[in-house]
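Single-structure report; data block below.
Values in this text are rule-based calculations from the coordinates and carry no lab data. Note that this is a predicted model, so its numbers are computed, not measured. Every residue, glycine among them, receives a Cβ derived from its backbone with ideal geometry; neighbour counts consider all protein chains shown.
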Amino acid sequence: MTRRLAEVAKYVGVSEATVSRVLNSKPGISDSTRAAVLTALDVLGYDRPAKLRGERARLVGLILPELANPIFPAFAEVVAGDLAKRGFTPVLCTRTANGVAESDYVDMLLDQHVSGVLFCGGLYAMGDADHDHYRRLHERGLPAVLVNAAVDDLGFPRVSVDDAHAVDQAYAHLASLGHERIGLVLGPVDHMPSARKAIGFKSAVESRPETAASADLIERTMFSMEGGHAAAARLVKRGVTAMICASDQLALGAIRAVRRLGGTVPGDFSIVGFDDSAFMNCTDPPLTTVRQPIEAMGQAAVALLVNQIAGQTASSDELLFEPELMVRGSTGPASSRIPAQSAGTRVTA
């Protein structure tokens with residue numbers, strides 16, 4: 001008991017006597033201090049006193065796949081700020097290689113009596129992944145929201161960017177610059193946002209007969225700079241003059257691949273990213289990319305979650321948000337040179 005009082009008091013920044021008064025429902029404590037002490041109990045993993053357990057903690061789980069990709073910390077910042085304005089405290093859970101699994105985070109959050117969970121880029125986006133923990137949440141009736149494309153039939157509200165339209169915007173831009181062999185770098189086959197981008201790519205090619213040669217110029221890889229490098233190198237050898245990448249990380253890897261092969265961006269190749277994550281206007285060259293409206297999406301996701309917490313019935317419909325093409329320095333007119341199409345050819349500017 002003494003250790004619990006000390007830890008909670010230190011976390012909140014009050015005296016142990018104040019914590020004791022809250023736990024024993026004594027008068028003379030402000031509502032804000034009382035709420036802070038109860039939240040600290042939840043965060044630190046202590047059970048509330050029996051007479052206080054009827055009050056659900058004002059905690060919201062925020063589960064992200066990683067923090068290395070700048071788009072996820074940016075999204076977390078939007079969500080955390082909006083939750084705080086509504087009186088909720090976010091509990092950030094980040095998956096790492098060989099670390100805590102998403103399903104384990106869900107179990108932990110259930111044990112902490114969170115009010116709801118917001119997922120961004122989770123296993124719901126992977127068709128071949130295990131989705132039992134989502135169904136467990138649904139069966140428990142815990143409010144949850146999924147951000148970006150998900151597999152069907154999970155039953156939660158979704159907030160997504162229009163992936164197909166994002167690709168169409170990028171493709172139209174490259175076609176207007178005279179590119180006729182345009183490649184696409186996507187994530188794994190079972191990745192739902194990538195599948196939607198592939199559909200958008202097919203539609204864009206079909207609507208522009210002059211670029212029909214692009215139809216099968218699709219490479220799939222893991223979401224990383226290394227993955228982008230490998231996929232882009234394959235596309236260069238297949239004769240593309242431009243590439244659309246499913247993330248900014250992939251696009252940066254593609255630029256590196258072009259340079260390693262002796263080419264230049266945008267002199268020899270044009271490259272478009274996706275996300276418009278932090279500092280993409282500061283790269284060399286500044287990256288042309290399709291921006292996800294993360295502020296609007298994050299606020300919409302929080303509103304959907306809070307409405308569920310308040311007892312409103314939630315529809316499992318998907319809210320689609322419009323992306324925006326940000327034209328910068330990594331795209332330019334198609335080069336007049338003949339692109340390399342064999343593994344042994346070195347590209348020269």
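For the chain, what proportion of DSSP beta bridges, expressed in % and rounded to the nearest 5, is antiparallel?
On the way: 4 of 38 bridges.
Taking every DSSP beta bridge with both residues in the chain, the antiparallel ones total about 10 percent.
The calculated FRET efficiency for the pair Asp47 and Lys85, based on their C-beta separation and a Förster distance of 30 Å, comes to about 0.55. The candidate values were (1) 63, 41, 39; (2) 75, 42, 33; (3) 81, 36, 32; the one computed from these coordinates for Cα extents along the principal axes in Å carries the label (3). The angle between the Cα long axis of helix 225-237 and the main principal axis of the chain comes to about 20°, on a 0 to 90 degree scale.
Expressed as a whole number of Å, what is the distance separating the alpha-carbon centroids of segment 246-281 and segment 201-222? Spelled out, the Cα-based centre of one part sits 19 Å from the other. Rounded to the nearest 5, what % of DSSP beta bridges with both residues in segment 111-222 are antiparallel? Approximately 10 percent, going by the DSSP bridge assignments. The HN-Hα couplings worked out from phi for segment 278-292 by the Karplus form 6.51 cos²θ - 1.76 cosθ + 1.60 (θ = phi - 60°) are 4, 6, 5, 7, 10, 6, 10, x, x, 7, 5, 8, 9, 7, 7 Hz, whole numbers, x standing for Gly and Pro. What percent do you get for the relative contact order of the chain when only Cα pairs under 8 Å and 6+ apart count? Dividing the mean separation by the residue count of the chain yields 16 percent.
What the Cβ-Cβ distance of Arg238 and Asp190 gives, at R0 = 22 Å and to the nearest 0.05, is a FRET efficiency of 0.40. In this simple spin-label approximation, Ala314 and Ala172 carry label points 7 Å from Cα along the Cα→Cβ vector, and these lie 3.3 nm apart.
Using the beta-carbon distance between Asp128 and Thr264 and R0 = 30 Å, what value does 1/(1 + (r/R0)^6) give for FRET efficiency, to the nearest 0.05? Before the final figure, lay out each step's value.
Numbers: r = 38 Å, r/R0 = 1.28.
The pair Asp128/Thr264 has a calculated efficiency of 0.20.
Between the Cα long axis of helix 31-44 and the first principal axis of the chain there is an angle of about 70°, rounded to the nearest 10. Using equal-weight Cα scatterers in the Debye expression, the normalised intensity of segment 61-162 in log10 at q = 0.24 Å⁻¹ is -1.61.
So what is the 222 nm mean residue ellipticity for the chain from helices alone, if each DSSP H run of at least 4 adds -39500 (n - 2.57) and you divide by all residues, rounding to the nearest 500 deg cm²/dmol? Working shown, then result.
Details: 11 runs with 138 residues, N = 349.
Rounded to the nearest 500, the figure is -12500 deg cm²/dmol.
Phi angles of segment 72-83 translate, via the Karplus equation with coefficients 6.51, -1.76, 1.60 and θ = phi - 60°, into HN-Hα couplings of 6, x, 5, 5, 4, 5, 4, 5, 4, x, 6, 5 Hz per residue; Gly and Pro are given as x.
If we sort 112-123, 168-179 on the protection proxy, mean other Cβ atoms within 10 Å, highest first, what's the order?
On the way: 112-123: 22.6, 168-179: 20.6.
Highest-to-lowest ranking by the protection proxy: 112-123, 168-179.
Per the Cα gyration tensor, segment 242-327 maps to an equivalent ellipsoid with semi-axes of 37, 11, 10 Å, ordered largest to smallest.
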